[in-house]
Each structure stands twice: as C-alpha cells, then as structure tokens.
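The values are calculated or read from the model by the stated rules, or taken from the named source; none is laboratory data. Please read these numbers as outputs of a predicted model, since none were measured by experiment. Backbone-built Cβ (ideal geometry, glycine too); neighbour counts: all protein chains shown. The protein model used for the area step is the full one, side chains on, heavy atoms only, and it has no ligands, DNA or RNA in it. Shrake-Rupley method; radii C 1.70, N 1.55, O 1.52, S 1.80 Å.
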Amino acid sequence: MLLSDGTEPTIESAPATAGDNVLRGTAASPGQVTAPARVVLEPHDAHLAYGDILVAPSTDPGWTPLFLTAGGLVMEMGGAMSHGAIVAREYGIPAVVGVVGAVERIHTGQRITVDGGAGTVMFAPENDISTHTEAALPEA
C-alpha cells in the first residue's frame, strides 16, 4: 500500500515502557469494558471465555467466530476501516486497533480496560506488582 505521495504509511507511536499502564491506539468501536485478556495469535482452535478481551496481531474473516463471545478487541495492526474494527462495531463490542506491541505487553489472564471511544487500553491495578502489599508475618 502506498500513500497518495508515493510513500509507504508508517505508524508513529511513542514506545511503551515497562512502567506504562496505558497503551494507545486508534479508537475503532465505542464503549468501555474491563475483563481478562486472551492473547490469540491464530484463530484456529482458539477459545475465548464469554466476555474475554480478544488481543490479536490482526484479524480477517477467519477470526469472526471469536467475536461472538469477545467482550472487547485489541489489535496491533489496522485502522478504523479494518476487518476487526468493522466487525467489532457490528457486534457492539469496544475496540482499539493499531496498538503497537499489544501482543507482547498484554498477557492472557491480565485484567485490562478497553476504551473504544478514547483509543486506550489500561492495565488494571491488580496487574501492577508494585501496588500489592505483603501481609505482615507474625512475630516468632
């Protein structure tokens, strides 16, 4: 694909660091959902629990059955007119696309919040090990 000036499109995004708890992308389908993430690299034999947030590099029509149970969508590639964005809007699930590094930063089972109107993905506080306090041990 080339732009009208003959150049290739690029994604310009600030790299996420380990301390960031917000990933940014393109708002693709409005709504907000907080649920466990399910990172899926290939749709064949993939299973999502009802309400899981589907995290994928990209989607095509072969991924559509997974949208039936997904509570939200996060994709690394794509824009507002990509397959995943269109299907998410049709099914009424929040979606953020073009999230650089999503499949590396998000892990299956992590609770995340997808804000499809703002184009953000936030990690839930319980995912941050620095916010957990250890119970005091009884003295001997």
Taking square-rooted eigenvalues a ≥ b ≥ c of the alpha carbon gyration tensor, is region 24-107 rounded, prolate or oblate, where a/c under 1.5 means rounded and, failing that, a/b exceeding b/c means prolate? rounded
With the crude spin-label approximation of a point 7 Å out along Cα→Cβ, what separation in nm comes out for Ala49 versus Val22? 2.8 nm
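Counting other Cβ atoms within 10 Å, keep those with at most 10, restrict to DSSP loop, and tell me which chymotrypsin sites (Phe, Trp or Tyr not before Pro) in region 45-118 are left.
On the way: sites: Tyr50, Trp63, Phe67, Tyr91; in loops: Tyr50.
Counting only loop positions with at most 10 other Cβ atoms within 10 Å, the chymotrypsin sites (Phe, Trp or Tyr not before Pro) in region 45-118 are Tyr50.
What does the charge count around Thr69 come to, taking other residues whose C-beta lies under 14 Å from its C-beta (Lys +1, Arg +1, Asp -1, Glu -1)? It would help to have the intermediate numbers written out before the result.
Values: positive: Arg38; negative: Asp52.
My count for the surroundings of Thr69 gives 0.
Report, to the nearest whole %, how much of the accessible area of region 17-107 belongs to carbon and sulfur atoms, 1.4 Å probe, protein only. Don't skip to the answer; put the middle values down first.
Details: 2470 of 4330 Å².
The C+S portion of the solvent-accessible surface of region 17-107 is 57 percent.
If you count only protein heavy atoms with a 1.4 Å probe, what accessible area per residue comes out for region 36-85, rounded to a whole Å²?
Details: 2320 Å² over 50 residues.
That works out to 46 Å² for each residue.
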